[in-house]
Each structure stands twice: as C-alpha cells, then as structure tokens.
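Structure first, commentary second.
The values are calculated or read from the model by the stated rules, or taken from the named source; none is laboratory data. Everything numeric in this text was worked out from a predicted model, so none of it was measured. Neighbour counts are summed over all protein chains in view; Cβ atoms, including those assigned to glycine, are modelled from backbone coordinates with ideal geometry.
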Amino acid sequence: MLPGLFFMIAVLADPQVAPWERTQEQTAALIALGHHAEMTRSRVPSDVLNAILPNFRGKPQRYAFDRLGYPDKKMSIDGAQAYSWMNDEPDEEGGELHCTVKVIVRSARIVKTDFFGNEAACARFARALDPTFHWRQ
C-alpha cells in the first residue's frame with residue numbers, strides 16, 4: 001500500500017471525528033476502502049478468473065494474447081480455434097500443480113472461456129489478469 005493511502009485511511013478512520021462530521025466523500029471513501037480490503041483479503045485465484053474471463057467473450061482473440069501472453073497450445077476444432085495457456089509447477093510435497101486457461105475463438109472473436117486446475121497454479125493467470133491480485137496459500 002502506498003504511504004499516502006495510510007495517511008488517508010488514518011484521517012478518514014479517526015475515532016475523534018464523529019461519523020456525522022465526515023463529508024459525504026470521506027464516508028464513500030471509507031466504504032470503498034472497506035470493500036476493497038474485503039475483496040482483496042477473500043479472493044482466491046478462481047474468484048479472479050471467474051470474474052474476468054467471461055468478459056473476454058465477443059472480443060478479438062488478440063485481447064486474450066495481450067493479457068495472458070502467447071498460448072502454449074492451439075487446436076482447430078469444427079472451424080474454431082482453441083487456445084490453451086498452461087501452468088505446471090511442483091508443489092511442496094513433490095507432486096505437480098496444474099492450471100489451464102482455455103479460450104475458444106470463432107470468426108476471430110472469443111466465444112468461450114474456461115479454466116481448471118489448482119488454486120496455487122492458477123494464481124499465475126489471476127495475477128496476469130489483475131495486477132492488484134496477491135494471494136498466498
């Protein structure tokens with residue numbers, strides 16, 4: 001968090017200032033900060049992917065490439081292209097964690113998105129889609 005934001009929170013949340021003495025903007029800022037803190041604290045990678053990937057639909061395929069990088073795999077199926085981004089990484093117990101993000105493109109437009117895998121492996125894609133996302137297992 002930025003140092004200026006700490007000051008703003010301290011001023012807005014000052015218990016010496018009665019709630020009725022705050023301006024409407026200060027009250028709205030407090031509500032927004034509380035909502036942001038709650039959303040940031042409670043989100044897991046699948047929350048981010050579920051919230052953002054559906055917004056890809058109807059956009060050009062380049063939209064996915066700009067956000068996720070170049071895909072690891074491309075397949076053609078019934079006139080559509082299926083692009084896959086994969087993340088495989090070892091876990092602490094010597095096993096493998098996997099996450100795959102899929103984007104289906106037809107007529108140069110994204111028609112479907114999907115993902116599956118472990119939260120830890122999907123965190124890479126969540127961070128790519130939302131740079132403010134930070135998560136630890």
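Might you check whether a residue that is free of Cβ contacts under 8 Å to residues at least 40 places away in the same chain, surrounded by fewer than 18 Cβ atoms within 10 Å (Cβ to Cβ) and either more than 21 Å from the chain's Cα centre (by Cα) or over 15 Å from residue 49 (Cβ atoms) (or both) occurs anywhere in segment 111-122?
No, segment 111-122 has no match at all.
Of the residues 100, 132, which is buried (at least 18 other Cβ atoms within 10 Å of the Cβ) and hydroxyl-bearing (Ser, Thr, Tyr)?
Step by step, each of 100, 132 is checked, and only 100 is buried (at least 18 other Cβ atoms within 10 Å of the Cβ) and hydroxyl-bearing (Ser, Thr, Tyr).
Any residue in segment 52-69 that is more than 11 Å from residue 109 (Cβ to Cβ) sitting within a Cβ distance under 9 Å of a residue that is of a type in the set (Lys, Arg)? List the pairs, counting only those 6 or more apart or interchain.
52/67
If we only count strands (runs of 3 or more DSSP E) wholly inside segment 45-137, which ones have 1 or more residues that are at pLDDT below 95?
73-77, 80-90, 96-106
Would you please name the residue that is nearest to residue 123 (Cα to Cα), looking only at residues in segment 41-76 that are more than 13 Å from the chain's Cα centre (by Cα) and among the hydroxyl-bearing types (Ser, Thr, Tyr)?
Ranking the candidates gives 70 first.
Determine whether residue 19 is more than 30 Å from residue 113 (Cβ to Cβ), over 26 Å from the mean Cα position of the chain (by Cα) and modelled with pLDDT under 95. Lay out the reasoning, then the answer.
Working: more than 30 Å from residue 113 (Cβ to Cβ): yes; over 26 Å from the mean Cα position of the chain (by Cα): yes; modelled with pLDDT under 95: yes.
It is true that residue 19 is more than 30 Å from residue 113 (Cβ to Cβ), over 26 Å from the mean Cα position of the chain (by Cα) and modelled with pLDDT under 95.
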